[in-house]
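Have a look at the structure below, then the notes.
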Amino acid sequence: MNTEQKKWFFLLLLAITWGSSFILIKKGLLGLSPLQLGSLRTVISALFIFIIGFRSLKTILNHQWKWIIVTGFLGTFFPSFLFAFAETEVDSGIVSILNSLVPLNTVLIGLAIFKITSTKTQVIGVILGFIGASMLIFNSMELHPDQNYLYAGFVVLATVMYASSVNIIKHYLQDVKPIAIATGNFVAIVIPAILVLSYSNFFTIETFENEAIYKSIGCVAILSLFGTVMAKIIFNSLIQISSPVFASSVAYLMPLVALLWGLIDGEIFGINQGLASLLILLGVYLVNKKA
């Protein structure tokens, strides 16, 4: 498999894996609080990745560790909690569509911080993307008046963090093995995650008296192994063999997978939401269009 074929294979695999993550978060929240889910996801993921990648840590140079730590918090730690809090009020399918703002933010951050120039077409794409996101939120508020769509802001913040992490990996960690980056990320965040898990009252009798807890833990374990560990290694590999914008374009396909799961689970998706979603994806397409 050549590089071109490999990057498209990785993109499709990531879309299926991450697209399924939103429904797993939703099911995990049936027995866990957002703090418990986010921290437990990180701790379980750390256990998995330390088994397969601990030896790779010796390949990380001293001056690279600061970027490993930064991308660990921006690309994994904080988003784990932000998405969990968001899905306490917003449908998983809507969250997945808002997540498609990652490529738009990747371009904006690349321009603002890394001085990567953008074309007029890309600027138009950014504008359309944000208009679509705003429409999606307002239309969803009308369709689901019982849900608090201020929580959608958590998703937008998470996409900014993801975009920042993508640019940092491409610019400062290009020569580091993907498994080493992922393992180093969890070295940096596992202790804070354990502290949050302890603070969240997870280790109490009341928590395990909840009948839904064991199914929720199972969903988080699947989410950790596939949606975090495996996907993070593949994503880091994709960044290195392509570009930050191409790698973040996995957001094109993720909503299709997530919406399918949401519809199966009984979530409602209206025509206006569909139009807003298409506007977001059109914006993402224009952002990715070459000059």
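The values are calculated or read from the model by the stated rules, or taken from the named source; none is laboratory data. Predicted model, so just to flag it, every value in this text is computed and none were measured. We place every Cβ from the backbone using ideal geometry, glycine too, and count neighbours over all the protein chains shown.
Going by the conditions given, is Ala112 under 17 Å from the mean Cα position of the chain (by Cα) and either at positive phi or among the aliphatic types (A, V, I, L, M) (or both)? No. Per the listing Leu104, Leu136, the residue uniquely at negative phi, in contact with a Ser or Thr (Cβ under 7 Å, 6 or more places away or on another chain), part of a helix (DSSP H, G or I) and at pLDDT below 80 is Leu136. Pairing each residue of the stretch 1-14 that is over 17 Å from Leu253 (Cβ atoms) with any residue that is at pLDDT 80 or above and not charged (D, E, K, R), provided the two are 6+ apart or on different chains, yields C-beta distances under 8 Å for Met1/Phe9; Thr3/Ile241.
The number of residues in the stretch 80-116 being farther than 20 Å from Ala276 by Cβ and among the charged types (D, E, K, R) comes to 1.
Going by the structure shown, is Val95 outside any helix (DSSP H, G or I), in contact with a helix residue (DSSP H, G or I) (Cβ under 7 Å, 6 or more places away or on another chain) and modelled with pLDDT under 95? It is false that Val95 is outside any helix (DSSP H, G or I), in contact with a helix residue (DSSP H, G or I) (Cβ under 7 Å, 6 or more places away or on another chain) and modelled with pLDDT under 95. Screening the stretch 164-178 for residues that are at pLDDT 90 or above and not in a loop (DSSP other than H, G, I, E, B) and picking the one that is surrounded by the fewest Cβ atoms within 10 Å (Cβ to Cβ) gives Tyr172.
Of the residues making up the stretch 119-133, those that are part of a helix (DSSP H, G or I) and in contact (Cβ under 8 Å) with a residue 24 or more places away in the chain are Thr121, Gln122, Ile124, Gly125, Val126, Ile127, Leu128, Gly129, Phe130, Ile131, Gly132, Ala133. For the stretch 65-86, the criterion of being outside any helix (DSSP H, G or I), buried (at least 19 other Cβ atoms within 10 Å of the Cβ) and within 14 Å of the chain's Cα centre (by Cα) is satisfied by no residue at all. Once the stretch 107-118 is narrowed to residues that are assigned to a helix (DSSP H, G or I), in contact with a helix residue (DSSP H, G or I) (Cβ under 8 Å, 6 or more places away or on another chain) and over 26 Å from Leu259 (Cα atoms), the residue that is modelled with the lowest pLDDT is Gly110. Considered as a group, the residues in the stretch 236-270 that are at pLDDT 85 or above, of a type in the set (A, V, I, L, M, F, W, C) and crowded, with 18+ Cβ neighbours inside 10 Å include one that is nearest to the chain's Cα centre (by Cα), and that residue is Leu238. In the stretch 170-210, of all residues being in contact (Cβ under 8 Å) with a residue 60 or more places away in the chain and charged (D, E, K, R), the one that is farthest from Val43 (Cα to Cα) corresponds to Lys170. Within the set Lys289, Lys232, the sole residue that is among the basic types (Lys, Arg) and modelled with pLDDT under 80 turns out to be Lys289. Residues that are of a type in the set (Phe, Trp, Tyr), buried (at least 19 other Cβ atoms within 10 Å of the Cβ) and over 20 Å from Lys232 (Cα atoms): does the stretch 193-202 have at least one? Yes; the residues of the stretch 193-202 include at least one that is of a type in the set (Phe, Trp, Tyr), buried (at least 19 other Cβ atoms within 10 Å of the Cβ) and over 20 Å from Lys232 (Cα atoms).
The rows are residues; the columns are (1) among the polar types (S, T, N, Q); (2) in contact with a Ser or Thr (Cβ under 8 Å, 6 or more places away or on another chain).
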site: Thr183; (1), (2): yes, yes
site: Ile189; (1), (2): no, yes
site: Thr207; (1), (2): yes, no
site: Ile217; (1), (2): no, no
site: Val220; (1), (2): no, no
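Count, please, the residues in the stretch 28-58 that happen to be assigned to a helix (DSSP H, G or I), surrounded by 20 or more Cβ atoms within 10 Å (Cβ to Cβ) and not hydrophobic (A, V, I, L, M, F, W, C). Residues meeting the conditions: 9.
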